[in-house]
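K.L.:
Below is a structure I'd like to ask you about.
The values are calculated or read from the model by the stated rules, or taken from the named source; none is laboratory data. Fair warning: this is a prediction, and the values are worked out from it, not measured in the lab. Here Cβ is always computed from backbone atoms with ideal geometry, including for glycine, and neighbour counts include all displayed protein chains. With ligands, DNA and RNA removed, areas are computed over all heavy atoms of the protein, side chains included. Shrake-Rupley method; radii C 1.70, N 1.55, O 1.52, S 1.80 Å.
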Amino acid sequence: MPKAKKRGGAHQRGAGGQPRNVQPFSDEDASIETMSHCSGFSDPASFTEDGPEVDEEATQEDLEYKLKGFIDLTLDKSAKTRQAALESLKSAFSSKILYEFIMERRMTLTDSIERCIKKGKSEEQCAAAGLACLLCVQMGSGIESEEIFKTLGPVLKKIVCDGTASVQARQACATCLGICCFIVTDDITELYSTMECLENIFIKAYPRDRDTNGVSSTPNTVLHISALLAWTLLLTICPMNEVKKKIEMHLHKLPSMLSCDDVNMRIAAGETLALLFELARETDADFFYEDMELLTEKLRALATDGNKHRAKVDKRKQRSVFRDVLRAVEERDFPTETVKFGPERMYIDCWVKKQTYDTFKEILGSGMQYHLQHLYNSAAFKARTKARSKCRDKRADVGEFF
């Protein structure tokens, strides 16, 4: 039986077989018109297959046709068009499993991402970094993914460390660097190098002296937060001897960030402290923290904060997080969360798992459930994850709860 014809109208091809509506334009007006075409597919819902009697094969062909067009548009002369194409690809990659399609075009995508990060302005760099995260999520671990990271890793590090780049671009690249390294690398040297890059960023948030009046936020605070969270994610896959070194280095410094006037920094520091205490107690059953009384006093104050000068939303969010952080530090307890996806359930019963889940939920958004279902049923993913045990600690294996 012949396949249903899905081409026509807006999808007609011009001379040379190029689709008219995705061919790069040389003038700004035409590119903006193309950008509006891209925006029609920027909503993840546009990539779902709702409705009765859907021809799945034809729908998949139509999706791939659109995605090829977006990939082409990442090379357009117009920055607005390139950015719109990147955002459309992000929407598709977060809401669909496209492994085979991406595998065939991984180097083209990598080249486009590299070019956009190197040559683009702030918003385009952010979009490209976000797409790089999703590219690695789609590919998973393996030789092909390692090749991608070998290309993009140095570019991301350069932006992260570039004081002349926009804070937003540096922030996006810091997050991307941590996530891609977490997924891809089996090279312990590369893992440590990436952590050092991120560490050199967030330690700038530490006060030089013990400031009893608190820590003031700066325009770089959002960068420091992203670098800290990315570093913490990578810490969960470090060997125990390295974990011990990092705990000794940072556990007595992080509490100073609980006094920052930025609520997100306070929360990031609090959650990192909870995770460090969890790891410290795993490495040493007799672990003792000499400033425990002072720390728990700070945590309790944040868990019951009634400061009138703070926004109600910030106070609610902060109190909720720090109640859990206080329980972790003081009582060695964690409030287990249950995440349902399809007929399955995933139990998040420690800070290591929570850190990983929250990270991927942030980049996948509403597509998180879809990806969880796929990964749960993917024997290939489990096999790849198991093969990486030489570098990763058993407790932090993503495959254990994804």
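K.L.:
Whether any residue in the stretch 246-263 is touching a Ser or Thr at 6+ places or on another chain (Cβ under 7 Å), outside the structural domain of residue 176 (by the TED database), more than 24 Å from residue 173 (Cβ to Cβ) and not charged (D, E, K, R) is what I want to check.
P.N.:
No, the stretch 246-263 contains no residue that is touching a Ser or Thr at 6+ places or on another chain (Cβ under 7 Å), outside the structural domain of residue 176 (by the TED database), more than 24 Å from residue 173 (Cβ to Cβ) and not charged (D, E, K, R).
K.L.:
Okay, next question. With respect to residue 153, determine if the residue is surrounded by fewer than 24 Cβ atoms within 10 Å (Cβ to Cβ) and not in a helix (DSSP H, G or I). Spell out the reasoning first.
P.N.:
Details: surrounded by fewer than 24 Cβ atoms within 10 Å (Cβ to Cβ): yes; not in a helix (DSSP H, G or I): no.
Answer is no for this residue.
K.L.:
If you don't mind, there's one more thing I want to ask. Hey, residue 196 hits all of (1) open to solvent by 10 Å² or more (accessible area, probe 1.4 Å); (2) within 11 Å of residue 226 (Cβ to Cβ) but one; which does it fall short on?
P.N.:
(2)
K.L.:
Hey, residue 174 hits all of (1) crowded, with 23+ Cβ neighbours inside 10 Å; (2) over 19 Å from the mean Cα position of the chain (by Cα) but one; which does it fall short on?
P.N.:
(2)
K.L.:
State yes or no: is residue 334 within 23 Å of the chain's Cα centre (by Cα) and open to solvent by less than 30 Å² (accessible area, probe 1.4 Å)? Break it down stepwise before answering.
P.N.:
Values: within 23 Å of the chain's Cα centre (by Cα): no; open to solvent by less than 30 Å² (accessible area, probe 1.4 Å): yes.
Answer is no for this residue.
Each row is one residue, and each column tells you yes or no for (1) open to solvent by less than 20 Å² (accessible area, probe 1.4 Å); (2) modelled with pLDDT under 95; (3) not aliphatic (A, V, I, L, M).
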{"position": "28", "(1), (2), (3)": "no, yes, yes"}
{"position": "36", "(1), (2), (3)": "no, yes, yes"}
{"position": "47", "(1), (2), (3)": "yes, yes, yes"}
{"position": "52", "(1), (2), (3)": "no, yes, yes"}
{"position": "68", "(1), (2), (3)": "no, no, yes"}
{"position": "79", "(1), (2), (3)": "no, no, no"}
{"position": "84", "(1), (2), (3)": "yes, no, no"}
{"position": "106", "(1), (2), (3)": "no, no, yes"}
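K.L.:
Kindly indicate whether any position in the stretch 157-167 is acidic (Asp, Glu), more than 25 Å from residue 269 (Cα to Cα) and part of a loop (DSSP other than H, G, I, E, B). Spell out how you get there, then give the answer.
P.N.:
In the first step, residues of the stretch 157-167 are kept if they are acidic (Asp, Glu); the result is 162.
Keeping just the survivors that are more than 25 Å from residue 269 (Cα to Cα) gives none.
Scanning the stretch 157-167, I find no residue that is acidic (Asp, Glu), more than 25 Å from residue 269 (Cα to Cα) and part of a loop (DSSP other than H, G, I, E, B), so the answer is no.
K.L.:
Still on this structure, I have one more. State whether one or more residues within the stretch 304-314 are hydrophobic (A, V, I, L, M, F, W, C), surrounded by fewer than 17 Cβ atoms within 10 Å (Cβ to Cβ) and out of contact with any Ser or Thr (no Cβ under 6 Å at 6 or more places or on another chain). Before the answer, list the steps.
P.N.:
Applying the first criterion (hydrophobic (A, V, I, L, M, F, W, C)) to the stretch 304-314 yields 311, 313.
Filter once more, keeping what is surrounded by fewer than 17 Cβ atoms within 10 Å (Cβ to Cβ): 311, 313.
Retained after the next criterion (residues that are out of contact with any Ser or Thr (no Cβ under 6 Å at 6 or more places or on another chain)): 311, 313.
Among the residues of the stretch 304-314, at least one is hydrophobic (A, V, I, L, M, F, W, C), surrounded by fewer than 17 Cβ atoms within 10 Å (Cβ to Cβ) and out of contact with any Ser or Thr (no Cβ under 6 Å at 6 or more places or on another chain), which makes the answer yes.
K.L.:
Checking residue 222 against (1) surrounded by fewer than 18 Cβ atoms within 10 Å (Cβ to Cβ); (2) under 28 Å from residue 301 (Cβ atoms), only one condition comes out false. Which one?
P.N.:
Failing condition for residue 222: (1).
K.L.:
Residue 218 versus (1) modelled with pLDDT under 95; (2) under 23 Å from residue 149 (Cα atoms): which is the lone unmet condition?
P.N.:
(2)
K.L.:
Let me ask something else about it. Grab the helices (runs of 4 or more DSSP H) fully contained in the stretch 268-380, keeping just those with 3 or more residues being within 22 Å of residue 251 (Cβ to Cβ) and of a type in the set (S, T, N, Q).
P.N.:
Working: elements: 292-303, 312-331, 351-364, 368-376.
Qualifying helices (runs of 4 or more DSSP H): 351-364.
K.L.:
Here's another thing I want to ask about it. Please go through the stretch 135-150 and pick out each residue that is open to solvent by 10 Å² or more (accessible area, probe 1.4 Å), under 14 Å from the mean Cα position of the chain (by Cα) and not aliphatic (A, V, I, L, M).
P.N.:
Going through the stretch 135-150, the residues open to solvent by 10 Å² or more (accessible area, probe 1.4 Å) turn out to be 137-138, 141-144, 146-147, 149-150.
Narrowing further to those that are under 14 Å from the mean Cα position of the chain (by Cα): 137-138.
Selection gives 138 alone.
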